[in-house]
Amino acid sequence: MSDWFRRDSKNIKTFNKRDTKEGMWYSCPECRVVIYKSVLQDNHFVCHECSFHFRITSDDYIKLLIDNNKYEEFAENIISADPLDFNIQKEYKTQIKENIKKTNKNSAITTLTGYINNTKVVLGVMDFSFIGGSMGSVVGEKISQSIVKAEEENLPLIIITSSGGARMQEGAYSLMQLAKTSSKLARFSQNGGFYIVLIADPTTGGISASIAMLGDIILAEPNALICFAGPRVIKQTIGQDLPDGFQKSEFLLKKGFIDDIVHRKDLKNRLTLLMKLFVKK
């Protein structure tokens, strides 16, 4: 580039595109504005122009919600087996190893106890970056242990869902987890337990048909995809165009499937308010 086009003012910083590191900039899928990574992080990965909520990891949610990011994780060492010896395109055992290395997690959900504005909770956070947040036997077991812990210690239970549904690599073993977790949640409710769900984008398949819709309070992030079968599948099946925003959280709120939509910056305080209103001391 010719020096004629460069700014020499001391008050204006200039840089070459090649001087920027890869991954330092994000483009908002909604409004296309380009956002510096640190600015996006400071805003909880929400676009400052249009409030589009980027997908975030389980660690990001924990940092957002848990006081001082101090917590006790449990059931963290359970790792999926391969009961069906599944091998289509890639061995399931290899997929597990690769995702453990990629996410530094042993499964698609992190379960822990910690404090949200000084209220102790049991928290489970699903992570879509681990095999699409799909529920296999390990995820089902960790959710079950979370429910039991919340019941035994008389604590509110909060689960953040972000999942493609049941894990096909585990077949019927995966489907069994839907019934297993749903039955434990039913008993938890009968015994007076308080369960809040936050539905994040995307929450689909078996998760949307089980734990995501069984909360005493069901919250969702803005513009989150919430469905059993996706809109493309439905459109191809019925051969008709779908309404605008179909299966998004705003659409489901109008239809009464969820209780409220919460901006990420307001989430911690909203959870605190709900627990003050509904948790018996």
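Read-outs throughout are calculated quantities, based only on the coordinates presented, and are distinct from any laboratory measurement. The model shown is predicted, which means the values in this text are computed figures rather than measured ones. Cβ sites come from the backbone with ideal geometry, for glycine too, and all protein chains shown count toward neighbours.
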If each part is reduced to its alpha-carbon centroid, region 221-253 and region 36-102 end up apart, in Å, by 25 Å
Rounded to the nearest 20 Debye, what is the dipole magnitude of the chain about its Cα centre when Lys and Arg each give +1 and Asp and Glu each give -1 at the C-beta?
460 debye
Name the residues of region 160-187 whose amide N is less than 15 Å from a point 7 angstrom out from the Cα of Lys90 along the C-beta direction?
168-169
On alpha carbon coordinates alone, what is the Rg over Rh value for region 164-281, Rh being the Kirkwood radius?
1.01
Sorting check: for 167-180, 23-36, 106-119, which peptide has the highest mean count of neighbouring beta carbons within 10 Å, and how do the rest follow?
106-119, 167-180, 23-36
On a full-extension model of 0.36 nm per residue, what is the gain between Asn118 and Leu253, subtracting their alpha-carbon distance, rounded to one decimal in nm?
45.6 nm
Per the charge dipole of the chain (beta-carbon charges, Lys/Arg positive, Asp/Glu negative, Cα centre), the residue among Gly193, His48, Ile116 reaching farthest to the positive end is His48
Tell me, what ³J(HN,Hα) does each residue in region 102-118 have, in order and in whole Hz, if you take phi through Karplus 6.51 cos²θ - 1.76 cosθ + 1.60 with θ = phi - 60° and put x for Gly and Pro?
5, 9, 6, 10, 8, 7, 8, 9, 10, 10, 7, 10, x, 10, 10, 6, 6
Which of the peptides 147-159, 93-105, 121-133 is most tightly packed, and how do the rest follow, going by the mean number of other Cβ atoms within 10 Å of each residue?
121-133, 147-159, 93-105
P(r), alpha carbons of the chain - 5 Å bins starting at zero, rounded %:
1, 5, 11, 15, 17, 16, 12, 9, 5, 3, 2, 2, 1, 0, 0
